[in-house]
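The values are calculated or read from the model by the stated rules, or taken from the named source; none is laboratory data. Note that this is a predicted model, so its numbers are computed, not measured. Counting neighbours? That spans all protein chains shown, and the Cβs are built from the backbone with ideal geometry, glycine included. All accessible areas refer to the heavy atoms of the entire protein, side chains included, with ligands and DNA or RNA removed. Shrake-Rupley method; radii C 1.70, N 1.55, O 1.52, S 1.80 Å.
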Amino acid sequence: MAVQTFPYSSFLRGPSQVLPSLTDADVILERRDEENLVLTRVERFEAVATGLRIAARSLAILARRHRDLAEEALAEELPWLSWLPAEERLTCVRELLSDLVAGADTGLLTPFARNLASWRSTAEAWSDPRLARELQGPFNGDGPVIDRPGEDAA
């Protein structure tokens with residue numbers, strides 16, 4: 001899909017200079033101190049949402065009927081899954097599929113994106129054998145005593 005980028009100020013000064021770009025592309029409005037905004041035509045938005053909903057539900061059906069095949073499909077798309085232990089991999093696949101289906105149905109994909117980032121970080125930790133061993137414990141006590149924020153050290 002084509003995307004064109006404009007400074008947000010250009011849109012504010014003259015929307016008629018930006019809006020014609022929506023005929024052939026989505027528009028990203030770059031803002032200095034805030035998240036960028038995306039403008040798209042409703043037809044493209046609805047097409048993406050419908051396609052995502054169908055794909056997510058289809059993948060969830062596949063996962064219920066052929067869990068190994070669904071895991072294989074996700075592992076091909078998310079190669080870092082191979083760094084997770086087998087039991088963690090299954091939990092990851094289930095959670096991601098569940099979040100994806102819920103997100104596709106509601107249009108709220110932020111929980112899916114957060115969970116995806118979290119699982120990727122977990123996989124990256126598992127990829128380092130030393131770090132993975134350290135994070136599994138054992139842990140002695142509660143750790144070092146630290147001062148409360150804002151208190152002067154004695």
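Of the helices (runs of 4 or more DSSP H) lying entirely inside the range 1-115, those carrying at least 1 residues that are among the acidic types (Asp, Glu) are 42-65, 67-77, 86-106. Is it the case that the range 4-27 has a residue that's open to solvent by 50 Å² or more (accessible area, probe 1.4 Å), in contact with an Asp or Glu (Cβ under 8 Å, 6 or more places away or on another chain) and touching a residue at least 40 places away in the same chain (Cβ under 8 Å)? No: the range 4-27 contains no residue that is open to solvent by 50 Å² or more (accessible area, probe 1.4 Å), in contact with an Asp or Glu (Cβ under 8 Å, 6 or more places away or on another chain) and touching a residue at least 40 places away in the same chain (Cβ under 8 Å). Among the residues of the range 74-87, those identified as in contact with a helix residue (DSSP H, G or I) (Cβ under 7 Å, 6 or more places away or on another chain) and open to solvent by 50 Å² or more (accessible area, probe 1.4 Å) are Ser82, Trp83. Residues in the range 54-73 that are open to solvent by 70 Å² or more (accessible area, probe 1.4 Å), at pLDDT 85 or above and within 18 Å of the chain's Cα centre (by Cα): none.
Determine whether Ala117 is free of Cβ contacts under 8 Å to residues at least 60 places away in the same chain and buried (at least 16 other Cβ atoms within 10 Å of the Cβ). So Ala117 fails the test.
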